[in-house]
Amino acid sequence: MTQPLPFPTPWSNEPVIRRLWFGERALWREHLLRLDPQARRDRFAGLVSDAFIRRYCDEADPFTQELFGAFVDGALRAVGEFALLNRDWPRRAELAFSVERPWQNQGLGSTLFRRLLVHARNLSVSRVFIISEPGNARMHRIARKYGMALTRDEHEIAGRLELVGPSYFSVMEEVMEEGVAFWRQTPDLHTITLGR
Ligand SMILES: CC(C)(COP(=O)(O)OP(=O)(O)OC[C@H]1O[C@@H](n2cnc3c(N)ncnc32)[C@H](O)[C@@H]1OP(=O)(O)O)[C@@H](O)C(=O)NCCC(=O)NCCS
C-alpha cells in the first residue's frame, strides 16, 4: 500500500500546474460546469447552459487542443486551453482560460497564461490570440502583463502576441515543470524514490 510522505515536499501547499492527460478530460468538463454565471459569460461570451458545456467538451479535438490545469488540493480548479489553429507556417494558436470563482485572483490565471506561452513557443507557434469580453479587466490585466496588444471592437476585445521560437531554456522549463508535477502527483513514485 502507498504510504504518505513522512515530510512535506518543498511545494506541498502550492497548486500543481500540469498538462491534462486525455483520460482526464472529464475533469475539465466538471470544472467548466462548476463555473458560476459570470465566469461562464466571460469564458464563452454569453451565459451558456450545462448542455452547451457538455457538447463543447465532447466536440473538442484532442489533436489540436491541449489542456493545462491547476490542481488545488488534488482538485482541478483552473484550466488553460491551447488550440492550435493551423499546422502550416506561420503557426497560430488561440488561448482561453477558466478559473473557478473561489480560486480567482490568486495568480492561477497568470501562471497558466505563462505556461501556455512557453508551450506555444516550444511548438514554434509565432502568434497567439485571446478573445474576451470588454468588461473582463482581470483577463486584460494578465494579457498586458505578458505583452499582448489588445484591440477593441463593438462586442469583444482581441489580444495578440508575437512569439519567438523555442530556446534551450523554454524547452527545459516545460520539461522540468511537467516532471515536477508528475513527481508530486504520483504517490507511487514517492514511494519508489524513498526506497520502500
Ligand atoms: C480572467 C481569469 C482567467 C483570471 O485568472 P485569475 O487567476 O483570476 O487572475 P490572476 O490572479 O492570475 O491575475 C489577475 C490580475 O488582474 C488584476 N485585477 C484583479 N481585479 C482587477 C480589476 N478589477 N481590474 C484590473 N485588474 C484587476 C490582479 O491584480 C492581477 O494582476 P497582477 O498579477 O498584476 O496583480 C479568471 O478570473 C477567470 O477564469 N474568469 C472567468 C473566465 C474568463 O474570464 N476567462 C477569460 C476569457 S478567455
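None of the figures in this text is laboratory data; all of them are computed from the coordinates on show. Source: prediction; values computed, not measured. With ideal geometry, Cβ positions are generated from the backbone for all residues, glycine too; neighbour counts draw on all protein chains shown.
Candidate membrane-span-like segments in the chain, meaning DSSP H helices with Cα atoms spread over at least 18 Å of their own axis and a Kyte-Doolittle mean of -1.0 or above, are 108-122, 168-185, with no membrane implied.
Once C-alpha pairs closer than 8 Å and six or more residues apart are averaged by separation and normalised to the residue number of the chain, the relative contact order reads 21 percent. Look at the dipole of region 16-189 built from charges on Cβ: of Gly165, Thr151, Ala70, the Cα furthest out on the positive end belongs to Thr151. Taking each DSSP H run with n ≥ 4 as -39500 (n - 2.57) and averaging over every residue of the chain yields -11500 deg cm²/dmol at 222 nm.
Sparse packing (at most 12 other Cβ atoms within 10 Å of the Cβ) combined with a DSSP loop state is found for the following trypsin sites (Lys or Arg not before Pro) in region 47-109: Arg87. If you take the square roots of the eigenvalues of the alpha-carbon gyration tensor of region 1-145 and sort them as a ≥ b ≥ c, do you get rounded (a/c under 1.5), prolate (a/b over b/c) or oblate? Note, shape of region 1-145 comes out rounded. Simple spin-label estimate for Leu85 and Ala51 gives 3.1 nm between the two label positions (7 Å along the Cα-to-Cβ direction from each Cα).
Model label sites at Lys145 and Leu33, defined 7 Å from Cα along the beta-carbon direction, differ in position by 3.1 nm.
For the chain, a crude dipole built from +1 on the beta carbon of Lys and Arg and -1 on the beta carbon of Asp and Glu, taken about the Cα centre, is about 320 debye to the nearest 20. By the beta-carbon count within 10 Å of each Cβ, the least crowded to most crowded order of Ser126, Ser98, fewest first, is Ser126, Ser98.
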